[in-house]
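*Asks:* Okay, here's the structure, questions in a sec.
The values are calculated or read from the model by the stated rules, or taken from the named source; none is laboratory data. No experiment lies behind these values; they were computed from the predicted model shown. All Cβ positions, even for glycine, are placed from backbone atoms using ideal geometry, and neighbour counts span all protein chains on display.
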Amino acid sequence: MNNVYVNKLGRVALEDQPLEICERKGMGHPDTMCDSVMNQISIELSKEYIKKFDVVLHHNVDKSLLAAGVAYPEFGGGKVEEPMLFVFGDRATFKVGDEEIPVNEIAERSTKDWLRKHFRFIDPDKHVAYQSQIKPGSMALADIFDRKGKFLGSNDTSAAVGYAPFTKTETVIKELENYLNSGEFKKSYPASGEDIKLMGLRKNGDLNVTVAMAMVDQFIDNEADYFKKKAEIHDAINEFVDERYGLDKISIDLNALDVKDRGLDGLYLTVTGTSAEAGDSGQVGRGNNVVGVIPLNRPMSSEAAAGKNPVSHVGKIYNALCYRIANRIIENVSEVRETYVWLLSQIGRPINEPSVCSAQLITEDGVDVLKLTPQIDEIIAYEFEHLAKFCDDLALGHITVS
C-alpha cells in the first residue's frame, strides 16, 4: 500500500533503559468502568443495528461520567446511602425510516449487564442511577454512513500509535491485576474488592509496585482483622510475582495510605468494592490504553477508543490496529527488538487509505532496516487487506479496547 514509511528509531529499547514507570487501572476503577461500559454500549448498539439493518450505523458513545455516590463502610458491612450516577453521552442513530432503535434502553441495559458480570456487591438497580445524554448525530457525520464503497470515510482527522513488545514491567502490571481480579483470587480472598490500581516503578532491574485495593467491609470484623487480611493478600501477591518475570527484584506496597489506630479513617474500606461508591468519580479516556496499561515512557494516542463506532471512527480502529501491526512485526521479524507503529487519517478519506503508516524500528545491532522493509510492508498490506474483518471483530467485541 502507499504512504508506508519504515525507519530506524534512534533510541534504546525501553527494556534496556534505567527507569520505567507503568500504571494499570483495574476493572473496578471508576475510569476503567466508564471505558468498559461505553465500549459495551457501542458493541450492543452495533449488534442491534446489524440485526435490523445489516450494517453498523452512525454512533459515537465515547463520553461518560461516573459520579461517585455516598456510602458509609462499617466493620461487618455498611450501606450505600446515595447511588452512583452513570451519565452516558454523545451521539447515535435513533431512527431509520419508520424503524426506531431504543438507544437509551440499550445503553442502560448494557450497563446493568456489565455491572452484574464484573461486580459481586453492586446491585445495578439499587446502587446506580442512570442518565442518558445520547442524542441523534450530526448530519455531516451521519452522511458518511450513506455514502457508497466497501470502506467508509474517516469521521475524523486523527493520529494513533501502538507498540510491541510489552516490557517485563508492563507484563507484571497487567498480569498481576488480572490475577487479583480473577474468580480464583476472589474466592480465596473475598475481602479483596474489584477496584485495584497498580503503579510500577522500575529502576534498572528492581521493580516496585504500589497496589491500591479497595477492601470489602462485610468481610472485615475490626481493624486488626483488616490488617490480618491485608497481610494475607500481600503474601499472595508476593507469591504470584516471585521469580516469574526475570527481574532482579519485585517489591510490593499494598494500600500505602493505611494507618493503624485510626479506625475506619485509616483504612481503604468500601461497601461495594469500588471507590466510585463514594470516594472517586470516573471518565472515559482517563484509563488504560487499548492493550491495558498506561505506559508513561511510551507515546500514546490522545483518542479514547472506548465507545467510538468500529467502522468509521479511526480513534477506535487505528488505535487498535496500530497494536495489531506492531505485534505482528515482532512475531514475524526476528531482527526487530521493539517497534512503534503510527497511523494518521484524514476526515472523509476511506479508512483503508491512511494519510501515513509509519513503522519505527529498534533492531538488533548491525541490522540494515532497508532489508527488513519489504517484510514489514507485506505485514502492513495484509492487515489493511483484512481491515473489514478487523472492523467486524471490533463491532462484535471480539477485540477488546479497554
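*Asks:* What's the number of the only condition in (1) over 24 Å from residue 173 (Cβ atoms); (2) out of contact with any Cys (no Cβ under 6 Å at 6 or more places or on another chain); (3) modelled with pLDDT under 95; (4) β-branched (Val, Ile, Thr) that residue 356 fails to meet?
*Replies:* Going through the list (1) over 24 Å from residue 173 (Cβ atoms); (2) out of contact with any Cys (no Cβ under 6 Å at 6 or more places or on another chain); (3) modelled with pLDDT under 95; (4) β-branched (Val, Ile, Thr), residue 356 breaks only (3).
*Asks:* Condition first: within 13 Å of the chain's Cα centre (by Cα), within 21 Å of residue 68 (Cβ to Cβ) and of a type in the set (A, V, I, L, M, F, W, C). Now tell me which residues in region 274-293 satisfy that.
*Replies:* Listed by number, the list holds a single entry, 284.
*Asks:* Another one. Anything in region 346-375 that is within 25 Å of residue 336 (Cα to Cα), assigned to a loop (DSSP other than H, G, I, E, B) and either of a type in the set (Phe, Trp, Tyr) or under 27 Å from the mean Cα position of the chain (by Cα) (or both)? List them, or say none.
*Replies:* 354, 355
*Asks:* Still on this structure, I have one more. Is it the case that residue 395 is in contact with a Cys (Cβ under 8 Å, 6 or more places away or on another chain), touching a residue at least 60 places away in the same chain (Cβ under 8 Å) and buried (at least 19 other Cβ atoms within 10 Å of the Cβ)?
*Replies:* no
*Asks:* Sticking with this one: Are any of the residues in region 307-317 crowded, with 24+ Cβ neighbours inside 10 Å, modelled with pLDDT of 95 or more, touching a Pro at 6+ places or on another chain (Cβ under 7 Å) and within 30 Å of residue 55 (Cβ to Cβ)?
*Replies:* Among the residues of region 307-317, at least one is crowded, with 24+ Cβ neighbours inside 10 Å, modelled with pLDDT of 95 or more, touching a Pro at 6+ places or on another chain (Cβ under 7 Å) and within 30 Å of residue 55 (Cβ to Cβ), which makes the answer yes.
*Asks:* Search region 164-183 for residues being out of contact with any Asp or Glu (no Cβ under 9 Å at 6 or more places or on another chain) and surrounded by fewer than 22 Cβ atoms within 10 Å (Cβ to Cβ), and hand back the single one that is farthest from residue 335 (Cα to Cα).
*Replies:* Restricting to residues being out of contact with any Asp or Glu (no Cβ under 9 Å at 6 or more places or on another chain) and surrounded by fewer than 22 Cβ atoms within 10 Å (Cβ to Cβ), the top hit is 183.
*Asks:* Out of (1) assigned to a strand (DSSP E or B); (2) aliphatic (A, V, I, L, M); (3) out of contact with any Gly (no Cβ under 8 Å at 6 or more places or on another chain), what's the single condition that is false for residue 341?
*Replies:* (3)
*Asks:* Restricted to region 256-282, and to residues that are touching a Pro at 6+ places or on another chain (Cβ under 8 Å) and outside any loop (DSSP other than H, G, I, E, B), which residue is surrounded by the fewest Cβ atoms within 10 Å (Cβ to Cβ)?
*Replies:* Result: 264.
*Asks:* OK, next. Just for region 376-402: of the residues that are among the aliphatic types (A, V, I, L, M) and in a helix (DSSP H, G or I), which one is nearest to the chain's Cα centre (by Cα)?
*Replies:* 394
*Asks:* Quick check on region 184-203. Is at least one of its residues touching a Pro at 6+ places or on another chain (Cβ under 6 Å) and either buried (at least 23 other Cβ atoms within 10 Å of the Cβ) or at pLDDT 95 or above (or both)?
*Replies:* No, every residue in region 184-203 fails to be touching a Pro at 6+ places or on another chain (Cβ under 6 Å) and either buried (at least 23 other Cβ atoms within 10 Å of the Cβ) or at pLDDT 95 or above (or both).
So that you can scan it fast, the table gives a plain yes or no per residue for (1) in a loop (DSSP other than H, G, I, E, B); (2) within 24 Å of the chain's Cα centre (by Cα); (3) surrounded by fewer than 14 Cβ atoms within 10 Å (Cβ to Cβ); (4) modelled with pLDDT of 95 or more:
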{"residue": "123", "(1), (2), (3), (4)": "yes, yes, no, yes"}
{"residue": "126", "(1), (2), (3), (4)": "yes, no, yes, yes"}
{"residue": "134", "(1), (2), (3), (4)": "no, yes, no, yes"}
{"residue": "143", "(1), (2), (3), (4)": "no, no, yes, no"}
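*Asks:* Would you mind stating whether residue 199 is touching a residue at least 40 places away in the same chain (Cβ under 8 Å), in contact with a Phe, Trp or Tyr (Cβ under 7 Å, 6 or more places away or on another chain) and in a strand (DSSP E or B)?
*Replies:* no
*Asks:* Scan region 214-226 and tell me whether some residue there is within 20 Å of residue 31 (Cβ to Cβ), out of contact with any strand residue (DSSP E or B) (no Cβ under 6 Å at 6 or more places or on another chain) and assigned to a strand (DSSP E or B).
*Replies:* Looking through region 214-226, none of the residues is within 20 Å of residue 31 (Cβ to Cβ), out of contact with any strand residue (DSSP E or B) (no Cβ under 6 Å at 6 or more places or on another chain) and assigned to a strand (DSSP E or B).
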